[in-house]
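Data block below; observations after.
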Amino acid sequence: MIEIRQLTKSLHGGGRRVDILNGIDLTVPTGQFLAITGASGSGKTTLLSLIAGLDAPTSGEILIDGNDITGLKEAELARLRGERFGFVFQNFHLIPTLTALENVVLAAELNGTPGPEKKSRDLLGVVGLGERLHHYPAQLSGGEQQRLSLARAFVNEPDIILADEPTGNLDSKNSAHIMELILELHRVKKATVLLVTHEAHIAETSERILTMQDGSIVQDERTRPSAGERDAP
């Protein structure tokens, strides 16, 4: 479970303060697929970065399974990210000098995943890149690169997937394919998914939609029961 209490983020510069997040309270149950929407500058990506420990809040708490991560040192945060989180970015952030297989294997090896090469091959097959294992990112289409980033994100079977505009640079066909893969991997792996998007039809594939405006949550809508609720007796 992710629990956020009175989370704020402010930046100072030029003699003025800019408030990016204004006292966010949020609870995300284990296994839920949550979409975060809102206009540019509403605080979506900042919220995701704080949850991942990639940035520090001005005040407030972020609890992962009851443990406040806001006071952890960078080495502890790095270990947490490696063990618990998977990341999918709009701009892919693949290593250009490594093949598709090597990109996924490296992520697996860095986090001590058993049988990293076999697991990476299997997962690349699941996302439709079984015949592109030895291609470099520059030799892949945008849709293929995003599928590669999905395989990398899921290779360690993380508890939490953080996806920041994963379809933002893709055409409608590839966007639909990426969302089908995220939904399928979410269903199979039971991971909690937090997905930032400005596209309404993408948000509607989730189980819950948060709408942000000026650093605050202005709407919290449930679209369907979460996987955990559906599996409950």
Task: Share of pairwise Cα separations in the stretch 63-165, more than 17 Å, in percent - done: 51 percent
Open item on the list: Is there a quick way to get the dipole size of the stretch 1-139? I mean about its Cα centre, with the Cβ of Lys and Arg at +1 and of Asp and Glu at -1; what is the value in debye to the nearest 20?
Closed with: 280 debye
Task: Cβ-based charge dipole, the stretch 75-233, positive-most Cα from LEU124, ILE202, SER175 - done: LEU124
- [ ] Principal axes first, then extents: for the Cα atoms of the stretch 133-208, list largest minus smallest coordinate on each axis, whole Å, largest first.
- [x] 36, 28, 17
Open item on the list: Tell me which of HIS12, PHE154, SER216 sits at the most positive position along the dipole axis of the chain, charges placed on C-beta atoms (Lys, Arg +1; Asp, Glu -1).
Closed with: PHE154
Open item on the list: Let me check I've understood the local charge: for THR30, count other residues with C-beta under 9 angstrom from its C-beta, Lys and Arg +1, Asp and Glu -1. What total comes out?
Closed with: -1
TODO: Go ahead and set up a Gaussian network model of the chain, Cα springs under 10 Å, then flag whichever of ALA151, ALA52, ALA39 fluctuates most.
DONE: ALA39
TODO: Would you work out the charge dipole size for the stretch 75-187 about its Cα centre, treating the Cβ of every Lys and Arg as +1 and the Cβ of every Asp and Glu as -1, and quote it to the nearest 20 debye?
DONE: 100 debye
- [ ] Restrict the search to the stretch 38-124; then list the trypsin sites (Lys or Arg not before Pro) that DSSP places in a loop and that have at most 13 other Cβ atoms within 10 Å of their Cβ.
- [x] LYS73
Task: Positive-end extreme of charge dipole, the chain - chosen from PHE92, VAL188, ALA56 (charges on Cβ) - done: PHE92
- [ ] Provide the net charge surrounding ILE64, with neighbours chosen by a C-beta distance below 15 Å and charges set as Lys +1, Arg +1, Asp -1, Glu -1.
- [x] -3
Task: Table column - 3J(HN,Hα) (Hz), the stretch 19-28, Karplus curve with 6.51, -1.76, 1.60, x for Gly and Pro - done: 8, 9, 10, 10, x, 6, 10, 7, 10, 10
Task: Charge dipole magnitude, Cβ of K and R +1, D and E -1 - the stretch 22-101, Cα centre, debye nearest 20 - done: 260 debye
Task: For the chain, convex hull volume per residue from C-alpha positions, Å³ - done: 140 Å³
Open item on the list: Checking the a/c ratio against 1.5 first, then a/b against b/c, what shape does the Cα gyration tensor give for the stretch 167-231?
Closed with: oblate
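Bear in mind that the values in this text are calculations on the coordinates, not laboratory data. Not measured: the values here are computed from a predicted model. Every residue, glycine as well, gets a Cβ built from its backbone with ideal geometry; the counts of neighbours run over all protein chains shown.
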